[in-house]
Every structure is written in C-alpha cells, then in structure tokens.
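Asker: One structure follows; several queries about it will come next.
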Amino acid sequence: MTEPIGFVGVGRMGANMARRLKTCGFAIATVYDAHRETAEALAAELGCGAAADLKDVTRSSDIIITVVSDDKAMKQIYQGGLLNRARGKLFINCATVTPGIHVWVEQKAERAGAQSLEACMASSIPQAQNGTLYLMCAGKAEAFERAKPLLEKLSSSMRYVGAAGTAAQVKAIVNMVMNINTAGLAEGLALGDALGLDVSMLREVLGQTGAASRVLQTDGEDMQNREHSCYFSAAHAAKDSGIAYKLGKQQGLYLPLAAATKKQYDRMDELGLGTLDKSGIAELTFKGRGPAPGEPSAANSL
C-alpha cells in the first residue's frame, strides 16, 4: 500500500500502531494529538510530520486512523476540520465509542465524499506493538476491502461484522463481559486471601476449573502482587461498561452485573485510581487495601 497514512490520537495504542505500520514499510505522513508534545516526540521517532491542526492531517494523508478516547473526542475531531477537503480519503476509527457515533461519522464522511470504517480493537498495547490485534470491523464493504492490506499488518485476526455501528456493539459486549469477569476474579481472590488461602494455589485451581478465564491469565497474578501498570485503565472500563449497559436499557434489558461492575470502576475513579489498570479493581476488594470508611482516597495505600 502506497497511500500515505495519518494518525489522530497517538497515545499508547495509536503510537504503537503507527510504529508497527512504519516497521512494515507503510508511509506515515503525519501524526496529531491533542497533546502536541506527544505528537512531536513520535514524529521525531518516525521521521514524519507533526500536524499543527486536523486539516493538515487530511491534507497530507489518504488514509487517516483515529484512536481517541470517547464520543466527545470523536465529535471534536470530525467537527474540528478533519473532514476538510476529505474527498477520496478513508477514515479508520479505532476508538471504543457508542455505535451511534460510528453511524454519525460514516454519514459525515460520505457527505464529504470520503469513506469511513470502524475497526474496534479487542487487544492491548503488546498486541499493537506486535501487529497481533483482534479487530472487529464494520461499515461499507468497499471501505473494508480498501483498508484490508493495512489492517492485516496490525492484526493476527479480524472479522467484518456488518454495517456501521455493529462492530461497536460487539466491542461493547466484549468489554462488558471482560469487565464483569475482572470484577468477579478480584472478589474471588480477595475472599481466598481473607480466608488465609494461598492465593497462588487458588489461581492454579481456578485455572483448572469452570472458573478459568482469559482474565485469570492476564490479571490474576497482577491482582495478587498489586501490579497495576496500565494496559486498559479502570476509567476506560467504567466508560465501556456504561456503553453496554445503555445499549441493554435501549433494548429493554436489565443488566445487573454490568451495572454493578460499572459502579466498582466508577468508585475507582472517585478514589483517584482511574488511571490504574483494570486489574486495580482488586484494591477495592482485598482486605487491608481499600480505603477505610470515610477516607476520600486509597491512592496512598498503593
């Protein structure tokens, strides 16, 4: 693929995706981030431009990959100049946002003569670095076909799931179930610890029974050792659980586990722990870790 690529949002995920594509021989034309110093540092590393504004990204790129934080950020970039002179461009949106935002972006892009594709990621930073993301893609089939050569270098597996918004629905369900599993694991390990059981033994037993899960593999030891370096933040877990819960309400469903999990992650944010990895939910459950009644923050206990 010879089409120049631009990135909007070069935090940990976006930056590592850009690095991966550069390593694979793709032309990275420019990068942009709300924190200009972040964009400038990555641009110096990759030997590309650091766009001063969103219009510059679209002007210098044929394919624009966006990796921003939430609905508000998506609206800001698409209303802030990203679609200026966008005819013929392809926008690939990788953020976890509500399905309606992807539908809105596709409509805006088509009115500007451009294409839009959602490519929701069900992986984390190491997979972005290694090109082993799992991608759920949605939008017009022709946009997916155009993006395929690039997406194949970012992923070990990808699935086209249908019209705009459907990949975001699938991703919301994925993260809802993952977050529920994470909260449940934290409570199970905390109970074992409080009973005086060997937590390492307990993790091994859980892994050999119906309680086994991918979360046990990725987060169990970190919960035990209080190692919460951030791969997927508690704040993002709260946001994503909320997206799924709202989708359920729209369908007339009551999702009590999603609601309870969101409350736990919201609580982490209130305590100043939202920047910890989602495994940090164990800080609310293990005896002696969380805040004492009436304490405003548990940050000093870490």
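Asker: When you check V170 against the structure, is it among the β-branched types (V, I, T), under 20 Å from the mean Cα position of the chain (by Cα) and not in a loop (DSSP other than H, G, I, E, B), yes or no? Steps first, please.
Answerer: Details: among the β-branched types (V, I, T): yes; under 20 Å from the mean Cα position of the chain (by Cα): yes; not in a loop (DSSP other than H, G, I, E, B): yes.
Yes, satisfied.
Asker: Moving on. From the list A238, A259, exactly one residue is free of Cβ contacts under 8 Å to residues at least 40 places away in the same chain, among the aliphatic types (A, V, I, L, M), surrounded by fewer than 21 Cβ atoms within 10 Å (Cβ to Cβ) and in the same structural domain as K287 (by TED's automatic domain parsing). Which is it?
Answerer: Of A238, A259, the one residue that is free of Cβ contacts under 8 Å to residues at least 40 places away in the same chain, among the aliphatic types (A, V, I, L, M), surrounded by fewer than 21 Cβ atoms within 10 Å (Cβ to Cβ) and in the same structural domain as K287 (by TED's automatic domain parsing) is A259.
Asker: Hey, can you tell me all the residues within region 262-273 that are under 19 Å from V215 (Cβ atoms) and in contact (Cβ under 8 Å) with a residue 24 or more places away in the chain?
Answerer: Answer for region 262-273, where residues must be under 19 Å from V215 (Cβ atoms) and in contact (Cβ under 8 Å) with a residue 24 or more places away in the chain: K262, Q264, Y265, M268, L273.
Asker: When residues of region 1-50 are filtered for being among the polar types (S, T, N, Q) and over 21 Å from the mean Cα position of the chain (by Cα), how many remain?
Answerer: So the count comes out to 3.
Asker: Now for a different question. Report, by residue number, each residue of region 74-101 that is in a loop (DSSP other than H, G, I, E, B) and either without any contact (Cβ under 8 Å) to a residue 40 or more places away in the chain or touching a Ser or Thr at 6+ places or on another chain (Cβ under 7 Å) (or both).
Answerer: Correct list: G80, G81, L82, L83, N84, R85, A86, R87, G88, K89, C94, A95.
Asker: Now, a different point. Go through region 225-235 and give me each residue that's surrounded by fewer than 20 Cβ atoms within 10 Å (Cβ to Cβ) and more than 16 Å from the chain's Cα centre (by Cα).
Answerer: Once the filter is applied, which keeps residues that are surrounded by fewer than 20 Cβ atoms within 10 Å (Cβ to Cβ) and more than 16 Å from the chain's Cα centre (by Cα), region 225-235 yields N225, R226, E227.
Asker: Looking at S69, S60, which is the one that is in contact with a Pro (Cβ under 8 Å, 6 or more places away or on another chain), of a type outside the set (D, E, K, R) and in the same structural domain as S116 (by TED's automatic domain parsing)?
Answerer: Answer to the selection: S60.
The values are calculated or read from the model by the stated rules, or taken from the named source; none is laboratory data. These numbers come from a predicted model, not from an experiment. Virtual Cβ from ideal backbone geometry, glycine too; neighbours counted across all protein chains shown.
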